[in-house]
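The values are calculated or read from the model by the stated rules, or taken from the named source; none is laboratory data. Worth saying up front: this structure is predicted, and the values here are computed from it rather than measured. Neighbour counts are summed over all protein chains in view; Cβ atoms, including those assigned to glycine, are modelled from backbone coordinates with ideal geometry.
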Amino acid sequence: MSLSALKTFKNPRAKYNFEGRSCSITGVGSYVPARVVTNADLEKMVDTTDEWITSRTGIRARRVAASDEYTSDLAAHAATRAMQKAGVKPEEIDLIILATITPDMPFPATACIVQQKIGAYRAAAFDIEAACSGFIFGLEIGQQFIMSRTYNTVLVIGAEKLSSIVNWTDRNTCVLFGDGAGAAILQNRPESHGLLTACMGSDGQKADLLSMPGGGSRCPASTQSVAAGLHFLRMDGKETFKNAVQAMHNAAKEVLRRCELDITQIKCIIPHQANLRIINAVSERLGATPEQVFINLDRYGNTSAASVAIALDEAVEGGKIVRGDLVLLVVFGAGLTWGAAVIEW
Ligand code: COA
C-alpha cells in the first residue's frame with residue numbers, strides 16, 4: 001500500500017515526523033565476496049549432504065572472503081555503494097556505526113578502519129555488537145542521533161567475515177554461515193517518514209545458546225584455548241531455533257502495533273536470513289503471504305549483522321520495494337538479541 005493510499009484513511013505515522021524532521025534511508029548498498037562455496041563443496045569437507053542442508057535450512061550456497069579480505073574491506077565496499085546511491089560524499093558523513101561479531105581485531109573499532117578506507121574523515125566511528133540483530137540496533141541508534149538533531153548523515157553498516165570464526169570441521173555449524181556486508185545511509189528527509197519505528201530486545205540469561213567463548217577477557221588466546229577450539233562459534237541449534245521464532249514474531253508484532261499497522265499493509269518483509277524454516281514459521285504466525293517475504297539465504301546463508309542489510313539492498317535493486325512502500329525488518333541473534341523495524345521507503 002502506498003503512502004498516499006494510507007493517508008486517505010488514517011495517518012498514525014505523523015507522530016514519527018517530529019517538527020518536520022524524519023530519519024530516512026536515502027541509500028543502501030551491499031557487497032559479498034566473489035568465492036561461492038556450495039553445499040556440494042561442503043560435502044567434500046564434512047559428513048553432510050546437499051539434501052540435508054537444503055531441507056533443514058534452505059541454504060544452497062554461501063560466500064567466503066579471501067584470506068586477505070577482511071570485514072573492514074567488505075564493509076567499505078558496501079558503504080561506498082550506499083553512499084553512491086544516496087549521492088553522499090564521504091566528508092558529509094557525521095557518524096559511522098558498524099555492527100559486527102567478526103571485527104578485523106578486538107580494537108581499534110572496525111568502524112574506524114572503514115572510516116579511513118572510505119575517507120569519511122569528519123565522522124565519529126564506533127562498533128556495536130548485537131550479533132545477527134546488529135543492523136537493526138544500528139538503525140535505531142542512528143535514528144536517535146538524526147531525530148535529536150545531533151547529526152544529519154549517519155552510515156550504518158552490518159559486516160561479517162564469519163568464515164574466520166566457523167569451525168570448518170563441525171557440520172552442525174559450518175553449513176549455516178557466510179560472509180558479506182550491507183550498509184545504509186540515514187538522513188533527515190523532511191518530506192517523508194522514513195524509519196517509522198524500531199525496537200530492540202535482549203536476554204542475557206540465554207547467552208550460552210550461541211557464543212564464541214575464546215579470545216576475550218574470560219578466556220584470552222592461549223595454546224590451550226586454541227587447541228580446545230574455543231575461538232570457534234558454538235551453538236545449540238534446536239534451542240536457538242525455538243527462541244528465534246518466538247522473539248522474531250514478538251518483535252514484529254510490537255513494531256506493527258506501535259505504527260498501528262496490519263501485516264497486510266506491509267509490502268515487503270525482510271527477516272533475518274538464518275533458516276528458511278524459521279522464516280516460514282515467523283511468517284505463518286504473522287499471517288503474511290509468501291509474496292510478502294524476501295528471501296536470499298539460499299545464496300548467502302546466515303551473514304549475521306549483514307543479513308537484512310544485504311537483503312534490503314537486493315529487494316530495492318530488484319524492484320520489490322519502491323518509494324512509499326512499507327517495509328518490515330525483523331531479526332534475531334546471539335545474546336540473545338532481537339529487533340524489528342518498520343520503514344516507509
Ligand atoms: N549434515 C548432516 N547431518 C547433520 C548436519 C549436517 N550439516 N548438522 C547436524 N546434523 C545431524 C546432527 O548431528 C544430528 O544427528 P543425531 O540426531 O544423530 O545426533 C541431527 O542432524 C540433528 O537433526 P535435526 O534434529 O533434524 O536438526 P534440526 O532440525 O534441529 O536442524 C539446525 C538443525 C541447526 C539446522 C537447526 O536447529 C537450526 O537452524 N537452528 C537455528 C540455527 C540458527 O539459525 N542460528 C543462528 C541464529 S541467528
* **Selected residue (criterion: surrounded by the fewest Cβ atoms within 10 Å (Cβ to Cβ)) from residues of segment 225-242 that are touching a residue at least 40 places away in the same chain (Cβ under 8 Å) and assigned to a loop (DSSP other than H, G, I, E, B)** => Gly229
* Residues located in segment 270-294, provided they are more than 11 Å from the chain's Cα centre (by Cα) and away from the ligand (no atom under 14 Å from the Cβ) -> Ser283, Glu284, Arg285, Leu286, Gly287, Ala288, Thr289, Pro290, Glu291, Gln292, Val293, Phe294
* Does segment 146-161 contain any residue that is out of contact with any strand residue (DSSP E or B) (no Cβ under 8 Å at 6 or more places or on another chain), within 16 Å of the ligand (Cβ to nearest atom) and in contact (Cβ under 8 Å) with a residue 24 or more places away in the chain? -> no
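For (1) out of contact with any Cys (no Cβ under 6 Å at 6 or more places or on another chain); (2) surrounded by 15 or more Cβ atoms within 10 Å (Cβ to Cβ); (3) of a type outside the set (S, T, N, Q), each residue gets a yes or a no:
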position	(1), (2), (3)
Leu176	yes, yes, yes
Gly180	yes, yes, yes
Asn188	yes, yes, no
Glu191	yes, no, yes
Leu196	no, yes, yes
Gly204	yes, no, yes
Met212	yes, yes, yes
Ser217	yes, no, no
Ala221	yes, no, yes
* Within segment 166-193, track down each residue that is under 18 Å from the mean Cα position of the chain (by Cα) and either assigned by TED's automatic domain parsing to the domain that holds Val316 or closer than 28 Å to Gly58 by Cβ (or both). => Leu176, Phe177, Gly178, Asp179, Gly180, Ala181, Gly182, Ala183, Ala184
